[in-house]
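What follows draws every value from the coordinates through simple rules; no lab data is involved. Bear in mind the structure is a predicted one, so any value in this text is a computation, not a measurement. All Cβ positions, glycine included, derive from the backbone under ideal geometry; neighbour counts span all protein chains shown.
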């Protein structure tokens with residue numbers, strides 16, 4: 001009887017561990033950001049000025065790490081509609097150069113509620129961290145009005161379904 005209880009307890013522990021997801025997806029509705037997003041962990045908020053389009057612009061970021069990957073959603077408000085496409089391109093180029101990106105694959109991107117823009121894209125690439133370690137990245141660049149967004153997933157070995165859930169779960173408030 002004691003052995004049976006021990007076996008049942010061991011089985012329950014193994015099954016419980018198997019059912020415990022490494023990524024605990026939850027939808028965050030962020031009215032101040034103008035977006036709903038799926039994050040696998042509770043993101044921290046950061047803010048700092050960054051050079052965009054030749055001028056210092058305050059960029060906000062929500063970021064968290066789970067299961068060996070970093071998930072980030074950054075956004076900034078621009079004041080000139082003419083600067084939107086060039087700034088999206090600048091963000092794209094910066095994302096690639098930050099990891100010395102290679103094998104860059106690009107495809108058009110549609111996020112529900114976004115303002116159409118030919119520079120709205122999703123990237124997949126390989127790269128290197130500053131310490132030389134290999135890294136994989138997927139990033140999406142899109143816009144709503146004069147607010148630009150960049151969603152990024154970065155990991156040593158990126159699980160495509162995690163990037164698909166994160167980037168595919170983005171929705172903008174219309």
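Test of understanding: extend the Cα→C-beta vector of residue 115 to 7 Å, then name every residue of the stretch 141-168 with backbone N under 16 Å from that spot.
141-150, by backbone N distance to the label point.
In whole Å, how far is the Cα centre of the stretch 28-54 from that of the stretch 112-157?
With the stretch 28-54 and the stretch 112-157 each reduced to a Cα centre, they are spaced 13 Å.
At 0.36 nm per residue, and after removing the present C-alpha to C-alpha distance, how many nm does the segment from residue 134 to residue 25 gain when stretched out fully?
The residue 134-residue 25 span can extend by a further 36.7 nm.
For residue 47 and residue 102 in the same chain, what is the full-extension length gain: residue separation times 0.36 nm, less their Cα-Cα distance, in nm?
Working: separation 55, 0.36 × 55 = 19.80 nm, distance 2.87 nm.
16.9 nm is the gain from fully extending residue 47 to residue 102.
Given [x] 21, 20, 17; [y] 25, 20, 14; [z] 36, 19, 14, which label gives semi-axes √(5λ) of the Cα gyration tensor in Å as computed from the coordinates?
Correct label, based on the coordinates given: [z].
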